[in-house]
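Enquirer: I'd like to ask some things about the structure below.
The values are calculated or read from the model by the stated rules, or taken from the named source; none is laboratory data. Remember, predicted model here, so these are calculated numbers, not experimental data. Every residue, glycine among them, receives a Cβ derived from its backbone with ideal geometry; neighbour counts consider all protein chains shown. Protein only, heavy atoms only, side chains kept; ligands, DNA and RNA dropped before computing areas. Shrake-Rupley method; radii C 1.70, N 1.55, O 1.52, S 1.80 Å.
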Amino acid sequence: MKERSGSYESLVNSVERLAAAAWAAIEKDIPRTFPKHQMFCSQEERGRASLRRVLRAYSQYDSDVGYCQGMNFIAAMFLIFTSSEEEAFWLLVVVMNEEPYKLRELYGEDMSGTKEVLFIADKLMKQFVPKLTKHFDNEGIHNSMFVTQWFMTIFTSTFPFHLVSRVWDAFLVEGWKVIYRVMLVLLKNNEQDLLQMEFEKILNYLREFPTKVDGQVIMSSSYQMGLKEKHVMKLATEYKQSLKDEDSAKGDSASVSVGSVTLESSKKSSKLNRIKLTFRKSVKKELGMDDDNVSVTLSTIDHQTSESLSSEDRINIIMKKMAEVKQHIKEVEGDADFDDETRAKMLAKFVERKNELAKELIGGGSSEA
């Protein structure tokens, strides 16, 4: 990581060294960034050109991280609120790399920062909105399905600017406790509605409600939350200790020998493959794919879906895929042929898939700006 030095213009002018993947990702995300804002609408190329230069410059400045989806909203927000393109760039550098922000850790390859903030968010939800947290657990809703998007862009990608501007004003002064407070107020203010809903309706609600919030009310309420910086720091320390404990446990279990493959385990493997094949066939049929494409990864299917379909069709397909996964989960849970360990591993994979689909569903929109 370089020290904050050098010329912004020199970074902009060295784009020939920009990795092809970063270049393509930036170009894909620019039209998606605040498309209804006058500075970035399709008719206003100057705003988009400025955003393109800032993102390319940062990708050069921090080549280890490069460009990651989500940075576009933060950079665009700085462009809206600052007087110069270069000032927006250096603000992005500061919030990505310096205390008390360190957003760079959320975008790292190992996602260590994201895991930490989700851990802290989970602990705070259990403390401040315990009834809602228990309801989410019962419905299979994990906080990563919605908190990840809120935090990685500090609310800029989905919430209106009258909230975003207030959040950032406080965040730049006070750091992460502001973000956790706002998250808790958003959940608390919508708790009664969410408690009446089941899985699919919760996901739809979390996707749609951000456009309806009152920024002033949310921020005023957040200041009343009894959450202090030392509380957040204590949970961060707890998270780091849990990582050390996990590493120690892995070291202890490394010496356990692996038994030979039995006929029974082969049967279980066959059953798992059958379930996977059924799921993939249903997705292939839904998207009209031919047999040559049957080996395509599910992440590629998701990408094709989001790129080629209308918003409504895309949501319908995601919901159908989610229903398939939930059916497979029920099938595995009720199958007596699996021992506890095998069942747990299979369920973990399907639950992870369900979570991915949920995050895609909630992340389908963008801020009106």
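Enquirer: Considering the alpha-carbon set of the stretch 106-259 alone, what are its Rg and its Dmax in angstrom?
Expert: 17.2, 61
Enquirer: Go through Ile80, Ile218 and list them by solvent-accessible area, largest first, probe radius 1.4 Å. The partial results should precede the final answer.
Expert: Details: Ile80 45, Ile218 10 Å².
My answer, sorted largest first, is Ile80, Ile218.
Enquirer: Per-residue accessible area for Thr237 at 1.4 Å probe radius, Å² rounded to 10?
Expert: Ignoring ligands and nucleic acids, Thr237 comes out at about 90 Å².
Enquirer: What are the extents of the Cα atoms of the stretch 181-247 along their three principal axes, listed from largest to smallest and rounded to whole Å?
Expert: On the principal axes, the stretch 181-247 reaches 41, 30, 18 Å in Cα extent.
Enquirer: How big is the equivalent ellipsoid of the stretch 3-133 along its three axes, where each semi-axis is √(5λ) from the Cα gyration tensor, reported in whole Å from largest to smallest?
Expert: Numbers: eigenvalues 163, 68, 39 Å².
Over the Cα atoms of the stretch 3-133, the semi-axes work out to 29, 18, 14 Å.
Enquirer: Considering only protein heavy atoms, with the full assembly of protein chains and a 1.4 angstrom probe, order Val185, Val94 by accessible area, largest first.
Expert: Largest to smallest exposure gives the sequence Val94, Val185.
Enquirer: Below 8 Å between Cα atoms, with a sequence gap of 6+, how large is the relative contact order for the stretch 27-172 in percent?
Expert: 17 percent
Enquirer: Quick check: pseudo-label points 7 Å beyond the Cα along Cα→Cβ at Glu99 and Asp137, how many nm apart are they?
Expert: It works out to 3.4 nm between the two label points.
Enquirer: Once the Cβ-Cβ distance between Asn13 and Glu174 is put in as r, and R0 is 41 Å, what FRET efficiency do you end up with, to the nearest 0.05?
Expert: 0.65
Enquirer: For the pairs Lys188/Lys240; Lys36/Lys201; Lys126/Lys228; Lys126/Lys244; Lys126/Lys177, flag any whose C-alpha to C-alpha distance is greater than 25 Å.
Expert: Details: Lys188/Lys240 28 Å; Lys36/Lys201 27 Å; Lys126/Lys228 16 Å; Lys126/Lys244 23 Å; Lys126/Lys177 16 Å.
Flagged as over cut-off: Lys188/Lys240; Lys36/Lys201.
Enquirer: At a 1.4 Å probe radius, carbon and sulfur cover how many percent of the accessible area of the stretch 21-77?
Expert: Taking all protein chains in place, the stretch 21-77 shows 50 percent carbon and sulfur surface.
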